[in-house]
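The next block holds one structure in the form of structure tokens; read it before the comments.
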Amino acid sequence: MIRLSDTLVAAGRVSSSGQSLMERLKLGLSFMKTPRIESLPEFDDHRFVSFLYDHKSGLRGFISIHRAGSLERPAFGATRCWKYRSEEEAARDSLRLSRLMSYKAALAGIPYGGAKGVIMAPQEKRDQVLKSYAERVNFLGGRFITGTDAGIDDRDLNVMRGVSPYLVGFRTDPSKYTALGMVKAIQASLEEKFGNADIKGKSFAVQGLGKVGTNFLKLIYPKAGMIYAADIDRERVEYVQKRFPRVRIVPAASIHKQTVDVFSPCALSHALNRETIPELESAIVAGAANNQLEDKAAGELLHKRGILYAPDYAVNAGGLISVVDEYEHKKFDPARLERQVNKIGDTLAKIFAQSRKEKRPTNVIADEVAEKKFDGY
Ligand code: NAI
């Protein structure tokens, strides 16, 4: 098993730095304090975890493959470039998010595994870092297929594409299909809660007005009733105010407290926690953000409060479905893609029915269904 300390030494950081013996000893001791990969809480018997380092470009990062990762069954997961405070934080993010990708793929009926690439945001030589990352992706020879996540834009994607053929997300905008999948998920949730899937006149609170949040607004704006929205970024708020004048902007700290039919977290992780759940005034929570629940118990709290929670990785599978379609088919067929995305609603309807029958939280049911599917990959 790889140790963070071993990988760092193997990558030559100690020997190539020209430090004094004392400095090297000190560094060695501090590396010894870094935890073993397999003892990190996010480690879940991952198939492959690799530390990436290139002293020429300054690349530092990780690629983690949770399940699958063969040539017949590659593992999918976008690449994130983030200001991690430490290598441990970056490693943990890649472990956690790669696991989530396995669950997302399994529930969406995608026969591939879950993976994640993370790059520690470079201060300089960005293009060189991206190219050297893409070379590492090539080492896996097609067992890992990747695209854009937070901190990677279309320009970055093109830089990496110049080096590696294992990048996806060029043909369509994945966030458009993530938003479409959200609408299908919300219709299934409305049907479960009110016996009627129609969005017409329903009220919404949208947290986060980035790529998915604004694509989602485009889809619901013509039919929905009251829409509240919030973002911490002033520019995003101004854009939404101009583009969707009927949307009422509220402070970011109070978006989850709005009395609405649907609260849609579309920002960062852990929107549903011990502080926010007691303050929710919505009948349904269904949004695109990854890792919405602070922990498993947060799902139990929502269940006890009678709030219908549509599990995040079931709701937000549209983006993954669109890049898998690009990987599998040379020719773009929007109708084929939409048929796949529409299935998100059916998947959720089954989870809701089982949760109702067994009186157990939806997040627990979703995890069990996904685990059964990818067991044995
Ligand atoms: P984005 O980076 O374009 O937008 C996120 C927005 O949330 C930003 O405008 C940011 O200012 C805002 N924000 C951050 N913290 C906030 C807070 N406390 N309150 C209100 N707003 C806040 O990201 P994108 O692509 O729209 O993704 C949104 C979420 O959906 C992320 O969690 C992402 O991992 C997840 N997701 C995105 C997919 C996609 O296709 N883009 C696919 C699956 C999941």
Which residues, counting only those in segment 21-62, are polar (S, T, N, Q), at pLDDT 55 or above and exposed (fewer than 12 other Cβ atoms within 10 Å of the Cβ)?
-> 39
Within segment 325-377, residues being of a type in the set (D, E, K, R), in a helix (DSSP H, G or I) and open to solvent by 40 Å² or more (accessible area, probe 1.4 Å) number 14
Considering only segment 184-198, state which residues are crowded, with 19+ Cβ neighbours inside 10 Å and out of contact with any strand residue (DSSP E or B) (no Cβ under 8 Å at 6 or more places or on another chain).
-> 184, 185, 187, 188
Out of the residues in segment 159-178 that are among the polar types (S, T, N, Q) and either open to solvent by 80 Å² or more (accessible area, probe 1.4 Å) or out of contact with any strand residue (DSSP E or B) (no Cβ under 9 Å at 6 or more places or on another chain) (or both), state the one that is modelled with the highest pLDDT.
-> 178
Is there a residue being more than 14 Å from the ligand (Cβ to nearest atom), open to solvent by 30 Å² or more (accessible area, probe 1.4 Å) and free of Cβ contacts under 8 Å to residues at least 60 places away in the same chain anywhere in segment 305-318?
-> yes
Count - residues of segment 124-158 that are within 16 Å of the ligand (Cβ to nearest atom) and open to solvent by 50 Å² or more (accessible area, probe 1.4 Å) | 4
Could you tell me which residue of segment 264-280 is surrounded by the fewest Cβ atoms within 10 Å (Cβ to Cβ), considering only residues that are aliphatic (A, V, I, L, M) and more than 10 Å from the ligand (Cβ to nearest atom)?
-> 280
Across (1) touching a Ser or Thr at 6+ places or on another chain (Cβ under 9 Å); (2) more than 9 Å from the ligand (Cβ to nearest atom); (3) open to solvent by 70 Å² or more (accessible area, probe 1.4 Å), residue 240 clears everything bar (3)
Which of the residues belonging to segment 292-316 are in contact with a Leu (Cβ under 7 Å, 6 or more places away or on another chain) and outside any helix (DSSP H, G or I)?
-> 292, 293, 294, 307, 309, 310
Matching entry among 283, 253, 297 (being of a type in the set (Gly, Ala, Ser), open to solvent by 40 Å² or more (accessible area, probe 1.4 Å) and more than 13 Å from the ligand (Cβ to nearest atom)) = 297
Give segment 319-342 a look and list any residue that's within 16 Å of the ligand (Cβ to nearest atom) and not polar (S, T, N, Q), or say none.
-> 319, 320, 321, 323, 324, 325, 326, 327, 337, 338, 341
Would you please name the residue that is nearest to the chain's Cα centre (by Cα), looking only at residues in segment 203-231 that are in contact (Cβ under 8 Å) with a residue 24 or more places away in the chain and open to solvent by 70 Å² or more (accessible area, probe 1.4 Å)?
-> 211
So which residues in segment 84-122 are touching a residue at least 40 places away in the same chain (Cβ under 8 Å), part of a loop (DSSP other than H, G, I, E, B) and open to solvent by 50 Å² or more (accessible area, probe 1.4 Å)?
-> 109
Do we have any residue at all in segment 64-83 that's open to solvent by 50 Å² or more (accessible area, probe 1.4 Å) and in a strand (DSSP E or B)?
-> yes
Of these, 173, 261, 231, which one is closer than 24 Å to residue 274 by Cα and within 11 Å of the ligand (Cβ to nearest atom)?
-> 231
Flag for residue 207 being within 9 Å of the ligand (Cβ to nearest atom), within 26 Å of residue 304 (Cα to Cα) and modelled with pLDDT of 95 or more = yes
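The values are calculated or read from the model by the stated rules, or taken from the named source; none is laboratory data. A quick note: this is a predicted structure, and the numbers were derived from the prediction, not measured. All Cβ positions, even for glycine, are placed from backbone atoms using ideal geometry, and neighbour counts span all protein chains on display. Areas reflect the complete protein model, heavy atoms only, side chains present, ligands, DNA and RNA absent. Shrake-Rupley method; radii C 1.70, N 1.55, O 1.52, S 1.80 Å.
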